[in-house]
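A short worksheet on the structure shown next.
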Amino acid sequence: MPFITFEGVEGSGKSTQLRLAAEKLRAAGREVVETREPGGTAIGSTLREILMDAGNMGLDPVAEWLLLEADRRQHVREVLQPSAARGAFVLCDRYSDTTEAYQQVGRGLDARAVRSVDAIARDGLLPDLTLLYDVDPGDGLARSRARDGGRSDRFAAAGLEFHQRVREAYLEIARREPGRVRVISSDAPRDRVSAETWRILSERFSL
């Protein structure tokens with residue numbers, strides 16, 4: 001099973017690129033599972049409502065992290081592992097790199113604790129490939145707010161400095177794991193970004 005994760009700051013276009021890649025993979029005759037974190041299961045959808053609601057800005061950072069790990073554990077057991085057993089292409093919008101970038105670095109949580117709990121939650125399941133869509137956080141937030149009619153969820157409502165830390169954390173992950181993480185600039189037009197995404201997928205998985 002190719003397990004491919006799509007990562008990036010708010011407004012990076014990763015969700016759109018996941019959808020476009022899924023369409024191309026299906027056209028090539030591949031079985032595709034599209035999923036996301038948080039919210040890839042029925043239980044996860046309930047957790048997502050809590051996590052994303054801008055009315056919950058008082059949610060403690062550790063509580064936020066543990067809710068995300070609970071979502072991940074349910075997701076791994078209910079969706080990701082069964083899809084792996086079936087041999088489908090699994091495209092996941094956010095996974096463990098998000099937790100390192102947003103909670104460990106962005107929120108300043110203890111790195112050892114995050115790694116330990118996340119290892120339990122993902123039960124050994126790591127991505128074969130991660131596509132990191134890179135954009136200036138200020139530009140990404142502007143895109144996100146324009147898309148959502150000026151509204152912000154809990155994460156988009158965080159300050160620009162938070163999102164700058166998140167971006168730097170993502171880029172550090174890419175430097176640390178160049179074999180797994182491929183950085184794609186999402187400043188380019190959508191079709192050009194999609195073409196680069198497909199080029200990487202085609203080369204990695206002989207499509």
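Readers should treat all values here as calculations from the given coordinates under stated rules, not as data from a laboratory. None of the values given here were measured: they were computed from a predicted structure. Cβ atoms come from the backbone with ideal geometry, glycine included; neighbour counts cover every protein chain shown.
Numbers below:
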{"quantity": "Charge context of G39, other residues only, Cβ under 13 angstrom, K/R +1, D/E -1", "calculated": "-4"}
{"quantity": "Longest to shortest principal axis, alpha-carbon extents of the range 84-193, angstrom", "calculated": "40, 36, 26"}
{"quantity": "A85 paired with A119, simple spin-label distance in nm, labels 7 Å along Cα-to-beta-carbon", "calculated": "2.5 nm"}
{"quantity": "3J(HN,Hα) from dihedral phi, the range 72-78, Karplus parametrisation 6.51/-1.76/1.60, rounded to Hz, x for glycine, proline", "calculated": "5, 4, 5, 5, 4, 5, 8"}
{"quantity": "Taking the C-alpha atoms of the range 137-207, convex hull volume expressed per residue in Å³", "calculated": "110 Å³"}
{"quantity": "q = 0.28 Å⁻¹: log10 I(q)/I(0) that the Debye formula gives for the range 1-41, counting C-alpha atoms only", "calculated": "-1.11"}
{"quantity": "Debye log10 I(q)/I(0) for the range 99-158, one point scatterer per Cα, at q = 0.18, 0.30 Å⁻¹", "calculated": "-0.86, -1.16"}
{"quantity": "For E31, residues with placed amide H under 5 Å, excluding near neighbours", "calculated": "F89"}
{"quantity": "Other-chain or far-sequence residues with amide H under 5 Å of R36's (modelled H)", "calculated": "D93"}
{"quantity": "Cα-based Rg and Dmax for the range 1-131, where Dmax is the largest Cα-Cα distance (Å)", "calculated": "14.6, 46"}
{"quantity": "Mean-position separation - Cα centroids, the range 13-79 and the range 156-207, in angstrom", "calculated": "18 Å"}
